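Participant: My questions all concern the structure below.
The values are calculated or read from the model by the stated rules, or taken from the named source; none is laboratory data. Keep in mind that this is a model prediction, so the values were computed, not measured. Heads up, the Cβs are rebuilt from the backbone with ideal geometry, glycines too, and the neighbour counts pull from every protein chain shown.
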Amino acid sequence: MSAELHSHIRSEIDASRTVLESTLYSRKAGFDETPSRMIATAVSELVRNILKYAGTGEIRLRQVKKMGSRGIEIEATDHGPGIVDCEAAMRDHYSSGGTLGLGLPGVKRMMDEFSLQSTPGEGTRVIARKWI
């Protein structure tokens, strides 16, 4: 199994393919069905944000290790408009784009580790990890 899955996100087709590939990737890495679905759901939310707010971006999944544990790290990056208020963006039902505002907070809840970095006018980077 490849140590990394790297996808360029430019269209709905890219998004759908990446979600499917993330499920297969996590299963091959040893995750059971439920955590694999959580990883795929997190990827789905992140690729939808890339398409909606930035238009294009990248998703990387890689296997990681920490103190004897194995996991998968999702990295989502874009060079879009960025998030003006990251703290607000992490609150349920906050949305700057007319959505339900549950995407980023939901990703944080599903994953074991989560970080959000964003600079207005430069883009956004999300890193989320799920451990076995």
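Per-residue answers, yes or no, for (1) out of contact with any Cys (no Cβ under 7 Å at 6 or more places or on another chain); (2) surrounded by 21 or more Cβ atoms within 10 Å (Cβ to Cβ); (3) of a type in the set (D, E); (4) part of a helix (DSSP H, G or I):
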| residue | (1), (2), (3), (4) |
| --- | --- |
| V19 | yes, yes, no, yes |
| G30 | yes, no, no, no |
| I39 | yes, yes, no, yes |
| R48 | yes, no, no, yes |
| E73 | yes, no, yes, no |
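Participant: Moving on. Any idea which residue in the stretch 50-71 is farthest from the chain's Cα centre (by Cα), counting only those that are assigned to a strand (DSSP E or B) and among the aliphatic types (A, V, I, L, M)?
Facilitator: For the stretch 50-71, the residue satisfying everything is V64.
Okay, residues lined up against (1) under 17 Å from the mean Cα position of the chain (by Cα); (2) on the phi > 0 side of the Ramachandran plot; (3) at pLDDT 90 or above; (4) surrounded by fewer than 17 Cβ atoms within 10 Å (Cβ to Cβ):
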residue	(1), (2), (3), (4)
C86	yes, no, no, yes
G98	no, yes, no, yes
L104	yes, no, yes, no
V107	yes, no, yes, no
F114	yes, no, yes, no
S118	yes, no, yes, no
E122	no, no, yes, yes
R129	yes, no, yes, no
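Participant: Looking at the stretch 75-88 only, could you name the residues that are of a type outside the set (S, T, N, Q) and either in a strand (DSSP E or B) or farther than 15 Å from Q117 by Cα (or both)?
Facilitator: Residues satisfying the conditions are E75, A76, D78.
Participant: Within the stretch 100-109, identify whether any single residue is part of a loop (DSSP other than H, G, I, E, B) and of a type in the set (V, I, T), and answer yes or no.
Facilitator: no
Condition check ((1) touching an Asp or Glu at 6+ places or on another chain (Cβ under 6 Å); (2) in contact (Cβ under 8 Å) with a residue 24 or more places away in the chain; (3) among the β-branched types (V, I, T)) across all residues:
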residue	(1), (2), (3)
S22	no, yes, no
D32	no, no, no
T41	no, yes, yes
Q63	no, yes, no
I74	no, yes, yes
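Participant: I need the full set of residues from the stretch 106-122 which are in contact with a Ser or Thr (Cβ under 7 Å, 6 or more places away or on another chain) and touching a residue at least 60 places away in the same chain (Cβ under 8 Å), in order please.
Facilitator: Selection gives M110 alone.
Participant: In the stretch 37-74, which residue that is in contact with a strand residue (DSSP E or B) (Cβ under 9 Å, 6 or more places away or on another chain) and of a type in the set (S, T, N, Q) is nearest to D112 (Cα to Cα)?
Facilitator: Among residues in the stretch 37-74 that are in contact with a strand residue (DSSP E or B) (Cβ under 9 Å, 6 or more places away or on another chain) and of a type in the set (S, T, N, Q), the one nearest to D112 (Cα to Cα) is S69.
Participant: Can you tell me how many residues in the stretch 5-17 are part of a helix (DSSP H, G or I) and hydroxyl-bearing (S, T, Y)?
Facilitator: Residues flagged as part of a helix (DSSP H, G or I) and hydroxyl-bearing (S, T, Y) within the stretch 5-17 amount to 1.
Participant: Sticking with this one: Looking at K66, K52, can you tell me which residue is modelled with pLDDT under 95 and either over 19 Å from T124 (Cα atoms) or crowded, with 21+ Cβ neighbours inside 10 Å (or both)?
Facilitator: It is K66.
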